[in-house]
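Here, each number is a calculation from the coordinates, and none is a lab measurement. Computed from a prediction, not measured in an experiment: that's the story for all the values here. Cβ sites come from the backbone with ideal geometry, for glycine too, and all protein chains shown count toward neighbours.
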Amino acid sequence: MLLRLAYLTITNTFAALRLLPMSDRDKDVEILALRHQIIVLERQLGAGTRTRFAPEDRAFLAALLASLPREVLGRLRLLVRPDTVLRWHRNLMKRRHARTCQPRRPGRPPTVRSIRALVLRLVRENPGWGYRRAHGELAMLGIKVAPSTVWEILKQEGLDPAPQRASTTWADFLRSQAHALLACDFIETVTLDGQRQYILAVIEHASRRVRVLGTTAHPTADWVIQAIRNLVMDLEDANCRARFLIRDRDGKFPALMDEILADVGMQTVLTGIRMPRMNSIMERWGAVLPP
């Protein structure tokens, strides 16, 4: 009993002497390491004689003890050798490095969907624009993309270069300018008493709203001009900003009519000879009226 007491006294004395040259930080590290080892041992009571460290235990001890000098690490009361702690730390650094250096997907990142949609809208509404013109418009809007990116977007959508897209069809023109299009025509009908009447009507392409300008048995030039002047005033009151008026080459339309429309910024578009389909919307509306 006396020998055991003497052994414990000498051991504790040397342990106290070992703590003297250690800094406060090293002492704190040792205390944390010892406490964690106690937690590991308490968790494994009754599980066997061999102490097993979970991955999170190894990571904690490695991060805590790796900064200590090797001679200090060798004096700590650890359940594993210092080399084992250093090996844990090397493995921890390898896993961290592998996560931060994962290879990215090759190639450039995909273009933002909204930018892609804007590019396609620009070139479809402006068939004469090439990829460089579209790129310039994006730059004016503050959108920074490379010209090659715009070209790639057009290629993926199967859109031809600008010279091939510049030949706009009549149907494309009607669709793209529907909000700015009016169409007019004379519709011939017969009243119940057998009198022939001519109805001058105008239709808005976008809304399909029909404006009947008047009806007469004798559509003279003065009568048509007055009807067109009334139309211009109605459009101004309705804040309608039409830019084009489609009509056929009927002789009942006087030349002065086009000048009146030009004064308010509206251009007259004449259909081809014997091509009623160029004014098909107006022709279809006139077809539903009784003869």
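Non-local amide H neighbours of residue 201 (under 5 Å, H modeled in plane, Pro and chain starts lacking H): which ones?
For residue 201, whose amide H was placed from the backbone, the distant partners under 5 Å are 185, 187, 213.
Between residue 263 and residue 209, what's the calculated FRET efficiency when r is the beta-carbon distance and R0 is 22 Å? Round to 0.05.
Taking R0 as 22 Å, the efficiency between residue 263 and residue 209 is 0.40.
Through the Karplus equation 6.51 cos²θ - 1.76 cosθ + 1.60, θ set to phi - 60°, convert the phi angles of segment 253-264 into ³J(HN,Hα) values in whole Hz; use x for Gly and Pro.
8, x, 5, 4, 4, 5, 5, 5, 5, 5, 5, 9
Over segment 172-287, what lengths in whole Å, largest first, do the semi-axes of the equivalent ellipsoid take, defined as the square roots of 5 times the eigenvalues of the alpha-carbon gyration tensor?
Working: eigenvalues 95, 57, 38 Å².
Calculated on Cα positions only, the semi-axes equal 22, 17, 14 Å.
Which values, in whole Å and largest first, are the semi-axes of the equivalent ellipsoid of segment 113-167 obtained as the square root of 5 times each eigenvalue of the Cα gyration tensor? Mind dumping the intermediate values first?
Numbers: eigenvalues 56, 27, 19 Å².
Listed largest to smallest, the semi-axes of segment 113-167 are 17, 12, 10 Å.
Would you mind calculating the gained length between residue 197 and residue 157 on full extension (0.36 nm times residue separation, minus the Cα-Cα distance), in nm to one decimal? Display every interim value, and only then the final one.
Working: separation 40, 0.36 × 40 = 14.40 nm, distance 5.21 nm.
Taking residue 197 through residue 157 to full extension adds about 9.2 nm, to one decimal.
FRET efficiency for residue 94 and residue 237, Cβ-Cβ distance as r, R0 = 51 Å, nearest 0.05? Could you put the intermediate results ahead of the total?
Details: r = 79 Å, r/R0 = 1.55.
Once the sixth-power term is evaluated, E becomes 0.05.
Would you kindly state how much longer the chain becomes between residue 59 and residue 229 on full extension, computed as 0.36 nm times their sequence separation minus their alpha carbon distance, in nm to one decimal? List each step's numbers first, then the result.
Values: separation 170, 0.36 × 170 = 61.20 nm, distance 8.82 nm.
Extra length from residue 59 to residue 229 when fully extended: 52.4 nm.
Pop the C-beta distance of residue 270 and residue 216 into the FRET formula with R0 = 35 Å and round what comes out to the nearest 0.05.
After rounding, the FRET efficiency stands at 0.95.
Quick one: what are the phi-derived ³J(HN,Hα) couplings along segment 223-236, Karplus 6.51/-1.76/1.60 with θ = phi - 60°, whole Hz, x for glycine and proline?
The phi angles translate into 5, 5, 4, 5, 5, 5, 5, 5, 4, 4, 5, 5, 5, 5 Hz.
Given the options 120, 145, 134, identify the residue whose Cα lies farthest towards the positive end of the charge dipole of segment 113-167 (+1 on Cβ of Lys, Arg; -1 on Cβ of Asp, Glu).
Farthest towards the positive end: 145.
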